[in-house]
Every structure is written in structure tokens, then in C-alpha cells.
Amino acid sequence: MSDAEAAQYARLPVNLTRALLATGSCAEPFLDLGFALRRTSLSVRHYEMAILRVARLSGCAYQRMQHLQPALNAGWSEADIEAIENGQWQRLAAPDAIVLRLVDECVAHPRIADPSFKRALALLGERGVAELILLTGFYMMTARFLEGLDVDLDAQPSPRLLSYEN
């Protein structure tokens, strides 16, 4: 690893970063965006819920492995996580169901249906909806990168993902 590559790996020392380093110049901006998304106006619960749902819809075990403990730490129970992963909105509180439905629609279609968009807008505001859509897209891209390259699971989740300070 070059010094520049080692510096990027040190930011997030996981197999995802190793794979990103193979792209040449994409590791740093990818990590920049990933860390920036950790500072959105979304609650930590909604942030982790969105990632777990994208992981399930994308069949990405790597994302699930990295974000299961952060979701538990954010206050989701194992039963909640089961509902999130299975898209069972009715088992969640109304605000959480609104967020989950928006994530589902975002993954399924480029344009979110007006009723779902309006409910999310009333709940999260313009900034929150924009951040949720960007977060969902980022993790869709990440899942495809991880799955496309068949990136191995790490031995354990990254402690870096348990903290929201960058």
C-alpha cells in the first residue's frame, strides 16, 4: 500500500476500503461522502434502519454485518430489526413506517410515489427527505460494489461505525 492508500485504509480499516483502493482515486471521495452522511439531520435510528433495509433489499450480508450492532445500539430491538428487514411497516411506529416505506420505494423506483413522498416530507422536512434519499442511494451503490466484487465479510464489525463522530 502506498502512503496515500494507507491513509485511506486507516480512516476505515475494513475490507470495503481495501476493495475501494483498487479503484485508484475513488476511495477518498467515497469515504468522504460516507462519513458526511453520518452527520445528516436523520436520527441515528432512521439512519441505521435505512441501511439495514437497503442491505436486505440488496442481499448484502456485508452491510448487515457492519450495521446490525449500530442499529441495536441506536435502540432497535431484534424484533424491530426483523420487521425492518422484512418490510413489515405495520409492526413499527408510524414515523418509522413512513421512513421505511420511502426507502423501499427509493430502492424499487427512481421516483417515489407522491403519497409516500408527502408523508416523509411532513415528517422529515425537505432536508431530511433529501438526506434519506441520498443515504439510500449511497448504500444501494455500496451494496452493488460489495456484492459485485464478492468482498469478504470482516472478522468483526468496525468499531468506527459505532461512533458518529468523524
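General observations
- Residue within region 53-73 that is surrounded by fewer than 19 Cβ atoms within 10 Å (Cβ to Cβ), in contact with a helix residue (DSSP H, G or I) (Cβ under 6 Å, 6 or more places away or on another chain) and among the hydrophobic types (A, V, I, L, M, F, W, C) present: no
- Number of the exception - residue 125 against (1) on the phi > 0 side of the Ramachandran plot; (2) touching a Pro at 6+ places or on another chain (Cβ under 9 Å): (2)
- Region 135-166, subset in a helix (DSSP H, G or I), open to solvent by less than 90 Å² (accessible area, probe 1.4 Å) and of a type in the set (A, V, I, L, M, F, W, C), residue nearest to residue 10 (Cα to Cα): 161
- Being within 14 Å of the chain's Cα centre (by Cα) and open to solvent by less than 20 Å² (accessible area, probe 1.4 Å) is true of residue 132.
- Residues that are surrounded by 13 or more Cβ atoms within 10 Å (Cβ to Cβ), without any contact (Cβ under 8 Å) to a residue 40 or more places away in the chain and closer than 27 Å to residue 35 by Cβ, drawn from region 102-116: 102, 105, 106, 112
- Residue in region 64-79 that is more than 20 Å from residue 161 (Cα to Cα) and not polar (S, T, N, Q) present: yes
- The condition of being more than 22 Å from residue 151 (Cβ to Cβ), in a loop (DSSP other than H, G, I, E, B) and among the aliphatic types (A, V, I, L, M) holds for only one of 121, 42, that being 42.
- Test: residue in region 91-105 that is over 14 Å from the mean Cα position of the chain (by Cα) and in a loop (DSSP other than H, G, I, E, B): yes
- Condition met for residue 77 (among the polar types (S, T, N, Q), in contact with a Lys or Arg (Cβ under 9 Å, 6 or more places away or on another chain) and either open to solvent by less than 70 Å² (accessible area, probe 1.4 Å) or within 20 Å of residue 16 (Cβ to Cβ) (or both)): no
The values are calculated or read from the model by the stated rules, or taken from the named source; none is laboratory data. For clarity, every value in this text was computed on a predicted model and none was experimentally measured. Reconstructed Cβ throughout: ideal geometry from the backbone, glycine too, with neighbour counts over all protein chains shown. With ligands, DNA and RNA removed, areas are computed over all heavy atoms of the protein, side chains included. Shrake-Rupley method; radii C 1.70, N 1.55, O 1.52, S 1.80 Å.
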